[in-house]
Amino acid sequence: MIKIKRFFGPAGQQEVVKSILKAFGVPSHSASVYEENHDTGYPGLAVTSTIVELNLNKELLNTVGSVLKNLGYSER
């Protein structure tokens with residue numbers, strides 16, 4: 001069964017996440033890695049995060065999710 005999860009974490013880690021996904025054999029069509037700029041509403045204060053969206057089977061999702069959590073990512 002395919003599950004969908006979304007993680008967010010520190011900015012500037014797109015290449016690190018992509019290499020981790022590649023090491024675990026995650027197909028490129030099952031994962032999306034991008035940066036998102038969130039405007040906080042305060043002048044000059046915006047927060048940039050790396051977003052990882054995964055569409056994987058439960059076992060692989062749990063494995064990759066635990067690695068991302070160890071890197072400081074949290075599930076959204």
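Taking the Cα atoms of the chain alone, what are Rg (to one decimal) and Dmax (as a whole number) in Å?
Gyration radius and largest Cα-Cα distance of the chain: 13.1, 44 Å.
Using packing as a proxy for protection, rank 17-29, 59-71, 39-51 so that the peptide with the highest average count of other Cβ atoms within 10 Å comes first. Can you show the working numbers first?
On the way: 17-29: 13.3, 59-71: 14.8, 39-51: 11.0.
Taking the mean over residues of other Cβ atoms within 10 Å, the ranking is 59-71, 17-29, 39-51.
Helix 58-70 against the longest principal axis of the chain: what's the angle in degrees, Cα atoms only, rounded to the nearest 10?
With both axes taken from Cα atoms, the answer is about 40 degrees.
Round to a whole angstrom and tell me the spacing of the C-alpha centers of segment 4-26 and segment 38-76.
Comparing the Cα centres of segment 4-26 and segment 38-76, I get a distance of 8 Å.
Which order results if K58, K3 are arranged by neighbouring Cβ count within 10 Å, fewest first? If you can, show how the numbers build up before the last one.
Working: K58 10, K3 13.
In increasing order of surrounding Cβ atoms, one gets K58, K3.
How much net charge surrounds G9 when only the other residues with a Cβ under 12 Å from the Cβ of G9 are counted, with Lys and Arg +1 and Asp and Glu -1?
Details: positive: R6, K69, R76; negative: E35, E36, E75.
Summing Lys and Arg as +1 and Asp and Glu as -1 gives 0.
Can you tell me the length gained on complete extension of the stretch E53 to V67, counting 0.36 nm per residue apart and subtracting the Cα distance? Please report the intermediate quantities before stating the final value.
Numbers: separation 14, 0.36 × 14 = 5.04 nm, distance 1.41 nm.
Result: 3.6 nm gained on full extension.
Taking the Cα centre of the chain as origin, sum charge times position over the Cβ atoms of Lys and Arg (+1) and Asp and Glu (-1), and report the length of that vector in debye to the nearest 20. Intermediate values should be presented prior to the final figure.
Values: 8 positive and 7 negative charges, 64 e Å.
Result for the chain is approximately 300 debye, rounded to the nearest 20.
Given only helices, namely DSSP H runs of n ≥ 4 each adding -39500 (n - 2.57), what is the per-residue ellipticity at 222 nm of the chain, to the nearest 500 deg cm²/dmol?
Numbers: 2 runs with 23 residues, N = 76.
Only helices count here, giving -9500 deg cm²/dmol.
Could you give me the radius of gyration and the Dmax of segment 13-57, taking only the C-alpha atoms into account and expressing both in angstrom?
13.6, 42
Where a number appears in this text, it was derived from the coordinates with a stated rule and is not lab data. Bear in mind the structure is a predicted one, so any value in this text is a computation, not a measurement. Neighbour counts run over all protein chains shown; Cβ positions are idealised from the backbone, glycine included.
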